[in-house]
1. With the condition kept exactly as written, say whether any residue in the stretch A:333-342 is closer than 30 Å to residue A:461 by Cβ and over 27 Å from the mean Cα position of the chain (by Cα).
2. On the given criteria, is residue A:311 in the same structural domain as residue A:204 (by TED's automatic domain parsing), out of contact with any helix residue (DSSP H, G or I) (no Cβ under 7 Å at 6 or more places or on another chain) and in contact (Cβ under 8 Å) with a residue 24 or more places away in the chain?
3. State yes or no: is residue B:71 outside any loop (DSSP other than H, G, I, E, B), at pLDDT 95 or above and touching a helix residue (DSSP H, G or I) at 6+ places or on another chain (Cβ under 8 Å)?
4. For the stretch A:197-283, which strands (runs of 3 or more DSSP E) that fit wholly inside it have 2 or more residues that are more than 23 Å from the chain's Cα centre (by Cα)?
5. For the condition farther than 29 Å from residue A:65 by Cβ, in the same structural domain as residue A:41 (by TED's automatic domain parsing) and assigned to a loop (DSSP other than H, G, I, E, B), what is the one hit in A:170, A:145?
6. Right, residue A:324: touching a residue at least 24 places away in the same chain (Cβ under 8 Å), of a type outside the set (Lys, Arg) and surrounded by fewer than 18 Cβ atoms within 10 Å (Cβ to Cβ) or not?
7. If I ask for residues that are assigned to a helix (DSSP H, G or I), touching a residue at least 24 places away in the same chain (Cβ under 8 Å) and not β-branched (Val, Ile, Thr), which ones from the stretch A:179-196 would you list?
8. Within the bounds of the stretch A:106-114, is there any residue that is farther than 30 Å from residue A:291 by Cα, assigned by TED's automatic domain parsing to the domain that holds residue A:191, assigned to a helix (DSSP H, G or I) and without any contact (Cβ under 8 Å) to a residue 40 or more places away in the chain?
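The values are calculated or read from the model by the stated rules, or taken from the named source; none is laboratory data. The model shown is predicted, which means the values in this text are computed figures rather than measured ones. Neighbour counts run over all protein chains shown; Cβ positions are idealised from the backbone, glycine included.
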Amino acid sequence: MSEILLGAHDVSKRFPGVLANNQVSLQLERGRILALLGENGAGKSTLVNILFGMYRPDEGHVIIKGERVDLRGPDDAISRGIGMVHQHFQLVPPMRVVENIVLGAEPVLRGLVDLGEARRRVIELSRRYGLEIDPDAVVEDLPVGMQQRVEILKALYRNADVLIMDEPTGVLTPQEADHLLGVLRELTQTGLGVVFITHKLREVLAVADDIVVLRNGEVVGQTTPGETSENGLAEMMVGRSVMLRVDKSVAEPGDVVLELEKLSVEDDRGQIALNEVSFEVREGEILGVAGVEGNGQRELVEAITGLRGLSSGLMKIGSDEFTSGSTRQIAEKGVAHIPEDREKHGLIGVYSLEENSVLNRYHRKPFSLRGFLRRDVIKRHAEGVVDEFDVRTPSTSVPASSLSGGNKQKLIVGREFSDDIDLLVAAQPTRGIDIGAIEFIHRRILDQRDKGTAVLLVSAELDEILGLSDRIAVLYDGELMDVLDAEDSNREKIGLLMAGITDSKSSA
Amino acid sequence: MKLHQKRLLYAGLIVLLVVIWIFYAANGPQTTAVLAGTVRAATLLALGAMCGMIGERSGVVNIGIEGQFLLSAFAAFTVASMTSSLFLGTIAGIGMGLLMGWMLAAMAVGLKVDQIIAGTVLNIAALGLTSFFYDRSRSLGVGKYTNIDLGPLADIPLVGTVLFSRPPLTYLTMALLIVVHVALFRSVWGMRTRAIGEHPGAADTVGIDVLRLRYFNVTIAGGLAGLGGAYLALEAVGTFSRAMSGGRGFLALAVMIFGRRTPFGAYAAALFFGFTTALQNQFQLNNTFDIPPQFVGMLPFIVTILVVALSGLIGSMRDPAALGQTYEKG
């Protein structure tokens, strides 16, 4: 057995009310990739923060290269050769690549930062590991994949021999993700060990040497890709057998419900975020919108739901044309919205479940009468939603903020679905919620479709798009690249479109 | 700076020099007086702007510069008058600036008080304290700082008088511009300072103590404002009077923004604002316009409003991303 670079021994960590890690042990060997798999809230982040010195374990200890250590902070972990690439990049956007890499460990010449020496070292590193980069590029001008490379180089510059990657593929196209997995594989050949945190089963099977599965803060399984399958891993994560693919019938599209004609929308900074996009969604079909986040999806959803004005173009909902409209005017047309950010746009945290259950129609009968809310009617309504949509809560009078992510989302879905709707706009409807709730929400969205609702599904999870959609639209840099029939599309095809590559361009 | 911007800058400078030369040929003493007044007024603004930019580059807004000027001017004047030493007075001014910087840091960084409120506290405290302890009978027995000629350089017509026959704190300020520039953009300290103002989380993950560095920077920057106070009392005016900073601490913030939070940029902006002040003085002296002097006195402030509004329109200036936000670890 080769050298053990990093280990946790019976680590436990308690937060008020939660046992985040319960006697967790794992070992990372030199030259191997350890995948840490688990749902949101399973304790992955806590464990990684302990390994990186951000938290101290209540019990147990961390072992680095055979030595039992008591990490005092991230800098302590860094000096012992642990490098971490955070899910949200820790880079200073207006600074150059070389400055970002050396920040905190700058080479010094006569009291000033020796940028020449820094540049030499960065170039040397990028050659050695085959991670090509322009050291003088400004970080904010770089694509996400390149920024991630800067993060990796930052760790390597500090002589890391363990690389902790926290959900590294979430922001990448499938091709970029594959490339990253290749890079990690090569890095292990130079003797690094990698801890790879993810909830994507496919990637785990593709790249890991060892797999550790966490559930409710405990290690529930240790395995290798050879011994398991996607279904096996999912079962370990959730604790029961799950349906990874939703069964669905063939769509029976009817009349056009939503029609966009050369719709252009600006983002918050006044830049064009959506450029003359045209498509339509029909009754009884799900149109999935795929794309790497930040390519205009948010602006698209906000425009359709009335949260953001159009800069040009036309939008038709049913028979009504809109060039501008308030959210209420649009909602009155039978448009339901599952917003991307449920904390910000979906719920009001300090309001009770009851109040939240009528946020979209408290002003109408039967929920209010002559300007006064009818609490009893609202309460009955909320109880109906909680029952039907399986929202786990002690009562309907508790504040919405007390719910878990999955239950919040079920409450929103319940609210939006408890009215007659013609169009459902669902943005990232299953982000950050547990597999059980994902299954449930997927099922409900399909039910809506089968009832004849037109569904626009926007998701950064390609598997979700592929699993639910009848047709798939791909956005890249605010442009609609193409709309494909689900049967004719696959991961590779869509991945290329997500990177802005069309057939004509790739053959040229 | 991009190439075309550089060209524009040089072209502008040449035009400016030609204009100055024409005016100098037409009326030498007047032109000299206005330009000397420009440099005089710019010194205080440059010191305040440097104080502000070190704070803002680290993510802390300092709107207490006005108060720092005022209380430091008071301390400098009082100590200089008691000890009959301008040098000790200057040290006292800087010390008071540091102390007020430290107070701002303690509130805004340590206790995480809203930065605008913390700065306002300084302004109100300074006005109240100086008004209360103001002693009308006290005077500066030794007289204010006098001009020092820099050898033959001082004999150059116009330029010599304007730049090389100045009192000591003006020279010190010019030197500090270079020091702060190098420190901000070339030193380890400067790189880390800019990092904590843009993305404190990133700095934290590479082992930089964000709160400590902000604490340090806001305190040190206070020393610059303190020097400004000393300059005001001991070099520019030669006495202390109630509320003598007269809004120039706020003007310094405009200068800082217009100068893109760089020392040289700020000095250029300070010279511009200083020019409007000097011009206004000259107008009043000559009675150029037949309107009440208060209206002529408004000139620098009207120009400030116009310029800041315009520079907002022109855009392309961006605040440090973490400006005004307190930093929580984790």
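1. Yes, there is a match, as at least one residue in the stretch A:333-342 is closer than 30 Å to residue A:461 by Cβ and over 27 Å from the mean Cα position of the chain (by Cα).
2. Spelling it out, it is not the case that residue A:311 is in the same structural domain as residue A:204 (by TED's automatic domain parsing), out of contact with any helix residue (DSSP H, G or I) (no Cβ under 7 Å at 6 or more places or on another chain) and in contact (Cβ under 8 Å) with a residue 24 or more places away in the chain.
3. Against the criterion (outside any loop (DSSP other than H, G, I, E, B), at pLDDT 95 or above and touching a helix residue (DSSP H, G or I) at 6+ places or on another chain (Cβ under 8 Å)), residue B:71 qualifies.
4. Of the strands (runs of 3 or more DSSP E) lying wholly inside the stretch A:197-283, those with at least 2 residues that are more than 23 Å from the chain's Cα centre (by Cα) span A:218-223, A:256-266, A:272-282.
5. A:170
6. Judged against the criteria, residue A:324 is not a match.
7. Passing the criteria: A:179, A:180, A:181, A:184, A:185, A:186, A:187, A:189.
8. Within the stretch A:106-114 (the criterion being farther than 30 Å from residue A:291 by Cα, assigned by TED's automatic domain parsing to the domain that holds residue A:191, assigned to a helix (DSSP H, G or I) and without any contact (Cβ under 8 Å) to a residue 40 or more places away in the chain), the answer is no, since none of the residues qualifies.
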